[in-house]
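I have placed the structure first, in the form of structure tokens, so that the comments after it can refer back to it.
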Amino acid sequence: MTDAALERVRSLAFWTGKVDPRPLTGGITNRNYLVTDDGRKFVVRLGDDIPLHNCLRFNERAAALAAEAAGVSPAVRHIEHGLMVIDHVEGRTFSEADVRAELPRVAELIRTSHREVTARLRGPALAFWTFHILRSYLAELAEAGHRLSADLPRLAAVAERIEATVGPTEIVFGHNDLLPGNFIDDGQKIWLIDWDYGGFNSPLFDLANLASNNGFSDAERERLLAIYYGRAPDDALRLKLAAMEVASLLRESLWSMVSEIHSTLDFDYRAYTAENLARFERALARFEDMGSA
């Protein structure tokens with residue numbers, strides 16, 4: 001925690017008295033702090049715009065307010081440039097195993113979020129079109145001479161194949177970052193937090209992002225699609241989900257590769273790149289097997 005960041009959080013006019021901010025671990029885009037003020041707990045999120053990652057704070061604020069109105073995310077209590085104060089949720093932060101164990105509730109939450117956050121969003125908001133983001137990342141990595149730049153032409157060709165497979169799609173305002181740590185169960189409901197990457201996208205991206213980030217089995221993918229769409233999936237829908245899983249893991253891998261170059265946060269991006277590229281290759285092999293069946 002930098003002295004300047006600590007002092008900014010401590011000196012917010014929002015507080016009713018003296019506070020002692022405590023850093024929260026786990027964030028790899030923002031700096032987050034837990035603050036207790038007058039017996040109530042809040043989370044302070046500090047983060048600048050990150051255009052390279054399609055992360056602009058005006059959009060995060062709009063998404064967080066819409067998600068609060070939809071009842072899927074905690075209340076936003078204070079907003080300043082590059083800073084938000086939200087209610088702290090007392091509960092269990094999910095692991096991958098928790099997401100799988102609570103799949104019916106999580107799937108219903110995603111469906112509700114897509115419907116209700118989209119309906120409550122107001123004003124300017126970003127798109128998060130997966131394949132535009134992949135093209136932008138690939139170009140940035142090529143121009144920067146990334147250590148894995150010899151692999152970029154192959155990855156670009158994979159992205160083109162996946163985009164063609166997905167084809168035309170419906171559009172919702174998605175979360176686009178469904179890591180297990182973004183779900184919190186307070187004992188009565190599951191909350192969905194951290195809307196940094198919110199944007200208009202195919203609903204299949206969130207479903208694929210959920211499956212790929214949380215180690216879903218084929219049976220769990222079937223349940224996810226059936227709950228979300230209210231019907232048993234057919235082969236065409238299964239293939240599109242498999243394609244979007246490839247896109248999701250490629251996006252996470254390229255995000256990490258770009259972060260290796262540009263991020264100033266203390267995080268092992270090289271290890272994160274390796275982990276996600278391995279997942280990407282497994283998802284690609286599965287997609288190719290399905291496509292040739």
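What the table shows:
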item: Residue in segment 10-29 that is crowded, with 20+ Cβ neighbours inside 10 Å, out of contact with any Cys (no Cβ under 7 Å at 6 or more places or on another chain) and in contact (Cβ under 8 Å) with a residue 40 or more places away in the chain present; result: no
item: Residue among ARG111, ARG105, ARG135 that is in a helix (DSSP H, G or I), within 20 Å of the chain's Cα centre (by Cα), in contact (Cβ under 8 Å) with a residue 12 or more places away in the chain and within 23 Å of TRP255 (Cα to Cα); result: ARG135
item: Test result for ALA69, more than 23 Å from THR93 (Cβ to Cβ), of a type outside the set (Asp, Glu), surrounded by fewer than 18 Cβ atoms within 10 Å (Cβ to Cβ) and out of contact with any Phe, Trp or Tyr (no Cβ under 7 Å at 6 or more places or on another chain); result: yes
item: Yes/no for PRO74 being in a loop (DSSP other than H, G, I, E, B), out of contact with any Leu (no Cβ under 7 Å at 6 or more places or on another chain) and either outside the structural domain of GLY215 (by TED's automatic domain parsing) or at pLDDT below 95 (or both); result: yes
item: Checking ARG251 against (1) of a type in the set (D, E, K, R); (2) assigned to a loop (DSSP other than H, G, I, E, B); (3) touching a residue at least 60 places away in the same chain (Cβ under 8 Å), the condition it does not meet; result: (2)
item: Some residue of segment 219-230 being in the same structural domain as HIS175 (by TED's automatic domain parsing), free of Cβ contacts under 8 Å to residues at least 60 places away in the same chain, closer than 17 Å to MET290 by Cα and exposed (fewer than 15 other Cβ atoms within 10 Å of the Cβ); result: yes
item: Flag for ASP38 being buried (at least 16 other Cβ atoms within 10 Å of the Cβ) and either in contact (Cβ under 8 Å) with a residue 12 or more places away in the chain or farther than 24 Å from VAL258 by Cβ (or both); result: no
item: Test: residue in segment 32-44 that is within 20 Å of PHE267 (Cβ to Cβ) and either assigned by TED's automatic domain parsing to the domain that holds ARG120 or outside any strand (DSSP E or B) (or both); result: no
item: Selected residue [within 17 Å of the chain's Cα centre (by Cα) and not β-branched (Val, Ile, Thr)] from SER256, SER292; result: SER256
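The values are calculated or read from the model by the stated rules, or taken from the named source; none is laboratory data. These figures come from a predicted structure and were not determined experimentally. Heads up, the Cβs are rebuilt from the backbone with ideal geometry, glycines too, and the neighbour counts pull from every protein chain shown.
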